[in-house]
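Quick note: the coordinates plus some simple rules give every number you see, no bench work behind them. These numbers come from a predicted model, not from an experiment. Note: ideal-geometry Cβ built from the backbone for every residue, glycine included; neighbour counts use all protein chains shown.
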Ligand SMILES: CC(C)(COP(=O)(O)OP(=O)(O)OC[C@H]1O[C@@H](n2cnc3c(N)ncnc32)[C@H](O)[C@@H]1OP(=O)(O)O)[C@@H](O)C(=O)NCCC(=O)NCCS
């Protein structure tokens, strides 16, 4: 977090440390998702993840500005979601939250991270590629898109990340 934290503290923002989220953060996750994710999760999905998965977030002035959701099965962690408030993008928060989350998941035994991303999601694909994720294949017509469907790109990376 060092780079992002320095940048944020220099702009007088208070305590932007990653923290574990709980069901108490349900409304904030829902609000962030609806505001800043073009494909927001429903409240039932947030409730399940906050209860059963590993959720990490960054709050600034007590407001949630970024969240990442991880699901662990044996030694493989899936990144289920990551969102940065659109007003806070491009400051390194997405990369730093993902790196922090993957370090956190290694403490539970994760040795590999896998994810699915819409082929059209250039910012997310670029983020993952910049962190060492490799492209493993496509799931055809996986995501709903308007009246049609969109492919999912499958990506993975061994842990620990090489750059961290
Ligand atoms: C994807 C997302 C989390 C990135 O968050 P962010 O905080 O803006 O990302 P960062 O500032 O940490 O950028 C890290 C890298 O991501 C890539 N990236 C970020 N925004 C980008 C953009 N608009 N276009 C292209 N690449 C981009 C770049 O490689 C960047 O590295 P660089 O700054 O050295 O060029 C954010 O755009 C988001 O919340 N999107 C909506 C939700 C979503 O699509 N989540 C992914 C679900 S799979």
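Distance in nm between label sites at residue 120 and residue 73, each 7 Å beyond Cα in the beta-carbon direction?
Using points 7 Å along Cα→Cβ, the separation is 2.8 nm.
Of the peptides 40-52, 77-89, how do they stack up when ordered by the mean number of other Cβ atoms within 10 Å, highest first?
77-89, 40-52
What value, in deg cm²/dmol to 500, does the helix sum -39500 (n - 2.57) over DSSP H runs of n ≥ 4 give at 222 nm once divided by the residues of the chain? Numbers along the way, then the final one.
Working: 5 runs with 53 residues, N = 164.
Calculated at 222 nm, the ellipticity per residue is -9500 deg cm²/dmol.
Whole Å is fine, so just give me how far the alpha carbon centre of segment 67-111 lies from that of segment 143-164.
Each part's Cα centre sits 13 Å from the other's.
Tell me whether the chain comes out rounded, prolate or oblate; compute the Cα gyration tensor, take square roots of the eigenvalues as a ≥ b ≥ c, and use a/c under 1.5 as the rounded threshold. Before the final figure, lay out each step's value.
Details: a/c = 1.41, a/b = 1.20, b/c = 1.17.
Cα axes put the chain in the rounded bin.
Under 15 Å from a label point 7 Å along Cα→Cβ of residue 31: give me every residue in segment 61-94 with its amide N that close.
61-67, 85-87
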